[in-house]
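Quick notes on the structure that follows.
The numbers here are math on the coordinates, done by the rules we state, and not lab data. Everything numeric in this text was worked out from a predicted model, so none of it was measured. Glycine gets a Cβ as well: all are built from the backbone with ideal geometry, and neighbour counts include every protein chain shown.
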Amino acid sequence: MVDFIMDFLLILLYTLRDVAPILLLIIFFQVVVLKQPIPHLKKVILGGVYVVLGLAIFIMGLEKALFPVGKIMASQLSDPAFILTTETGETFWWSYYWIYIFAALIGFATTIAEPSLIAVAIKADEVSAGTISQNGLRFTVALGVAIALALGTFRIVTGTPLFMYIIVSYVIVIIQTIFAPKKLIALAYDSGGVTTSTVTVPIVAALGLGLSSAVPGRNPAIDGFGLIAFASLFPIITVLGYAQFMDLKTRLLKIKNEKNAV
């Protein structure tokens, strides 16, 4: 218990150190540059305390729960009991199918729960007057992350170069950008960024490091990273695809209505 409290106090000090420059910058511009008093000073101070405490507790939770859970799940699913082998004891890329399934499901689940994605989806629904469904956008982004993590874990298992996947994926994104509805391109690109946030990143990073440590012949420093790049790229592809599908559906419905009118 004493060690736990000491760890939390140390993290609290580090968090306060990291947040202090932001607070000082805001205070400087408000008081010195704008020459205005800080409105609702007591509430602002209380809010600052909540921010520091909340961040410290969150970081503590990452270190004590999410990171260990990600590594444990990766190591357990890489156990020989869960891996299909030939009669000679050989393993192939499909031998780790439980890893791919777990990666896809955990990617989908964590993205659906991502606070930043929920915030973006709510705003997108508001400004589009319901044209962009909140649940539809969240599901599409989560599907992109699920595909990304399944493919990313496949890359770790097979040991293939990361740049091959990234280059091909960005070529797809460029082609989609040319043909996708222009009003949704910016939203699609932002959707990739919101997936690399508070809930998704810790579990994805832990999964990559744990899997690369468990798979024979893989180096965590070389192969353990890269899943986050997948998680931020593939939602762009799925959202652009969703936008193209909805645009095509609207056009076909318009053509159908015009024919019926005639």
Check your understanding: From the Cα gyration tensor of region 1-77, with a ≥ b ≥ c the square roots of its eigenvalues, which class applies: rounded if a/c is under 1.5, or else prolate if a/b is larger than b/c, or else oblate?
Key -> prolate
Practice item. Please name whichever of PRO181, ALA205, TYR242 sits farthest to the positive end of the charge dipole of the chain, dipole taken about the Cα centre and charges placed at Cβ: Lys and Arg +1, Asp and Glu -1. Key: PRO181
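Go through LYS182/LYS259; LYS123/LYS259; LYS35/LYS182 and tell me which ones have a Cα-Cα distance over 32 Å in this structure.
LYS123/LYS259; LYS35/LYS182
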Revision key, fill the gap. Listed residues GLY208, GLY159, GLY47; largest mean-square fluctuation, Gaussian network over the chain with Cα springs below 10 Å, found at GLY47
Point to revise | Gaussian network model of the chain, Cα within-10 Å springs - most flexible of ALA20, ALA109, ALA221 | key: ALA20
Check your understanding: If you work out Rg and Dmax of the Cα atoms in Å from the coordinates, which of [x] 17.3, 50; [y] 17.4, 56; [z] 22.9, 80 do you get?
Key -> [z]
Review point. Could you give the dipole magnitude of the chain about its Cα centre, charging the beta-carbon of Lys and Arg +1 and that of Asp and Glu -1, in debye to the nearest 20?
Key: 1080 debye
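Taking 0.36 nm per residue of separation and subtracting the Cα-Cα distance, what length does fully extending GLN36 through MET246 add?
70.8 nm is the gain from fully extending GLN36 to MET246.
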Point to revise | Positive-pole candidate from LEU46, PHE58, LEU12, dipole of region 1-77, charges at beta carbon | key: LEU46
Exercise for review: Compute the distance in nm between two label points, each set 7 Å from the Cα along the Cα-to-Cβ direction, one at ILE22 and one at TYR97.
Suggested key: 4.5 nm
Revision key, fill the gap. Expected max-MSF residue from VAL19, VAL215, VAL145 in the GNM of the chain (alpha carbon, under 10 Å) is VAL19
**Study point:** Straight-distance crosslink candidates among aspartates and glutamates, where the alpha carbon sits under 20 Å from LYS64 and sequence neighbours closer than 8 are dropped
**Key:** ASP3, ASP7, GLU114
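How big is the charge dipole of region 1-77 about its Cα centre, in debye rounded to the nearest 20, if each Lys and Arg gets +1 on its Cβ and each Asp and Glu gets -1 on its Cβ?
On the way: 6 positive and 4 negative charges, 69 e Å.
Dipole size: approximately 320 debye.
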